[in-house]
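Quick notes on the structure that follows.
Coordinate-derived values only; no laboratory data. Please read these numbers as outputs of a predicted model, since none were measured by experiment. Using ideal geometry, Cβ is built from the backbone for each residue, glycine included, and neighbour counts are taken over all protein chains shown.
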Amino acid sequence: MTLILSEVELIVKQIVFSADKKCTGFLNMYELVVEKTFAGAHNLRAYDGECERLHGHNWRVEVTLKAEKLNELGMVMDFKDIKKRLEEILSRFDHSYLNELSEFKEENPTTENVSKVIYDNLSEQLPPEIFVAKVKTWESEKCAAAYYI
Ligand SMILES: Nc1nc2c(c(=O)[nH]1)N=C([C@H](O)[C@H](O)COP(=O)(O)OP(=O)(O)OP(=O)(O)O)CN2
């Protein structure tokens with residue numbers, strides 16, 4: 001039952017997206033994935049355990065874009081372009097103490113929140129025909145959290 005409900009929810013979201021962005025269909029999409037890394041320190045406020053203390057990670061960020069149509073070059077978006085935008089966003093995070101950034105003054109810089117901040121930042125920059133389907137951030141080789149439509 002849970003699976004069926006989440007599938008319905010996904011389809012409804014895609015229909016809403018299609019209506020918002022004036023796309024005609026929602027089943028056949030192109031997908032583009034790029035990946036970048038950064039090194040950043042953080043501590044999780046109010047966390048009952050060692051993660052409350054200052055520590056660092058080599059984070060890996062995977063961004064998935066989707067579009068219904070390709071541009072005149074046959075691309076969702078040039079890899080160079082999306083990588084540059086992602087790099088610009090991550091340049092603020094790289095070699096920084098994430099808790100000190102404005103985005104994480106109130107919210108804890110968890111992997112979930114890091115993904116959401118990147119998702120929101122990128123979404124603001126993209127033209128309406130391209131959307132950020134998912135941002136998945138890896139805090140370590142085995143732990144990741146994603147924010148997605
Ligand atoms: N849902 C989340 N859980 C945790 C997050 C998070 O961002 N989202 N973050 C942490 C801490 O940052 C912690 O440093 C990472 O925890 P963990 O993966 O357990 O790291 P370890 O290096 O201690 O892993 P081991 O496999 O135990 O060596 C915690 N939870």
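Determine the percent antiparallel among the DSSP beta bridges restricted to segment 29-148, to the nearest 5.
So the antiparallel bridges in segment 29-148 amount to around 95 percent.
Taking the Cα centre of segment 29-148 as the origin, how large is its charge dipole in debye, to the nearest 20, when only Lys and Arg (+1) and Asp and Glu (-1) carry charge on their Cβ atoms?
180 debye
Which entries in Lys36/Lys80; Lys80/Lys142; Lys36/Lys116; Lys84/Lys105; Lys66/Lys142; Lys105/Lys136 show an alpha-carbon gap greater than 19 Å?
Result: Lys80/Lys142; Lys84/Lys105; Lys66/Lys142; Lys105/Lys136 exceed 19 Å.
Suppose the Debye formula is applied to equal point scatterers at every Cα of segment 29-148; what is log10 I(q)/I(0) at q = 0.19, 0.20 Å⁻¹?
Calculated log10 I(q)/I(0) at the listed q: -0.97, -1.05.
How large is ³J(HN,Hα), in whole Hz, for each residue of segment 33-43 in order, when computed from phi with the Karplus curve 6.51 cos²θ - 1.76 cosθ + 1.60 and θ = phi - 60°, using x for Gly and Pro?
Ordered by residue, 3J(HN,Hα) equals 10, 10, 9, 9, 10, 8, 10, x, 9, 7, 9 Hz.
Size of the dipole of segment 33-94 about the Cα centre, Lys and Arg at +1 and Asp and Glu at -1 on the beta carbon, nothing else charged, in debye to 20?
100 debye
Rounded to the nearest 0.05, what FRET efficiency do Cys143 and Ser102 have when you use their Cβ-Cβ distance and R0 = 25 Å?
For Cys143 and Ser102, the calculated efficiency is 0.50.
Relative contact order for segment 39-105: what percent, with Cα pairs under 8 Å and sequence separation of 6 or more?
On the way: 52 pairs, mean separation 26.9, N = 67.
Contact order relative to length: 40 percent.
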